[in-house]
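S.K.: Here you go, one structure.
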Amino acid sequence: MIKETQFPIAKEGFIFIAVGGLLTSLGGFLLGPVGGGIFGALTLFCIWFFRDPHRSIPQSEGVLVSPADGKIVDISRTEESRFLNKPAIKVSIFLNVFNVHINRVPVAGKVIGVFYNAGRFFAANVPKASLENEQNAVVLETPSGKRIVCIQIAGLIARRIVCWIKEESVLNRGERFGLIRFGSRVDLFLPIETEIRVSMGQKVRGGETILGILR
């Protein structure tokens, strides 16, 4: 495994933390300890939410790692008609507000498409969120020609999908590619022959947990 290094807070969180710190100071000055304590707690939550911990990325050939922290809420065979136009295995991960929200590339490859769609904001743990919620899809092609789709999906509270990569980007397994603010879901569509290594309800860690093996 390779141990990576990076600043432990995502840059998208800096503004929230700075505003929280300012409000904490003002709240303490104007409202006393109670006001300062309330805004201080919100600031600490923002620091916790935007944390970006180091992860040890598995390097075995063919390994697929989890694109997000959270809980497996769906493993099923389906017809992926939007990006792959063929049968696929769908793996869905639900992220609550206490999970790390950095998204990571599940397998090394080239980005052949990034597709954003505005939508609604149903709770991310319900099935219809996969089709109707605001989302951003990244289509990856591995060096062996296999294609997978990784979709960032906004949730009931989440209102901002962030994607740092563009079409033609060449990425390493476990590399950070975006985040979703304040509760979300990530759907993966994998080749039908993929050997799945996780189970329903299992908790996973982005970049570390092995979801499956590409065959």
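No lab work stands behind these numbers, since they all come straight from the coordinates. The model shown is predicted, which means the values in this text are computed figures rather than measured ones. Ideal geometry is used to build each Cβ from the backbone, glycine not excepted, and the neighbour counts take in all protein chains shown.
S.K.: What's the angle, to the nearest 10 degrees (0 to 90), between helix 14-31's Cα axis and the longest principal axis of the chain?
M.R.: Roughly 20 degrees between the two axes.
S.K.: OK, next. Would you grab the residues whose amide H sits under 5 Å from the one on T194? Only those 5+ places off in sequence or on another chain, please, with H modelled 1.01 Å from N.
M.R.: Sorted by chain and number, the residues that satisfy this are R215.
S.K.: Continuing with the same structure: Using unit Cβ charges (K, R positive; D, E negative) and no other charged atoms, how large, in debye to the nearest 20, is the dipole of the chain about its Cα centre? Walk me through the intermediate numbers first.
M.R.: Values: 26 positive and 18 negative charges, 31 e Å.
Using only the charged Cβ atoms, the result is roughly 140 debye.
S.K.: Using a Gaussian network model on the chain with a 10 Å cutoff between Cα atoms, which of P53, P67, P33 fluctuates the most?
M.R.: P33
S.K.: Just rank D187, D69, fewest to most, by other beta-carbon atoms within 10 angstrom.
M.R.: D187, D69
S.K.: Here's another thing I want to ask about it. Which order results if T78, T194 are arranged by neighbouring Cβ count within 10 Å, fewest first?
M.R.: Numbers: T78 13, T194 21.
The most exposed by this proxy come first: T78, T194.
S.K.: Using a Gaussian network for the chain with springs between C-alpha atoms less than 10 Å apart, which of these wobbles most: R55, R205, R82?
M.R.: Ranking R55, R205, R82 by mean-square fluctuation puts R82 first.
S.K.: With everything on Cα atoms, drop me the angle between helix 33-49 and the longest principal axis of the chain, reported from 0 to 90° to the nearest 10.
M.R.: 20
S.K.: So for S25, S81, fewest C-beta neighbours within 10 Å to most, what's the order? Could the numbers behind the result be given before it?
M.R.: On the way: S25 13, S81 9.
The order, fewest Cβ neighbours first, is S81, S25.
S.K.: Still on this model: Residue farthest toward the positive end of the dipole of the chain, with Cβ of Lys/Arg at +1 and Asp/Glu at -1: which of S76, G32, N96?
M.R.: Positive-most Cα among the choices belongs to G32.
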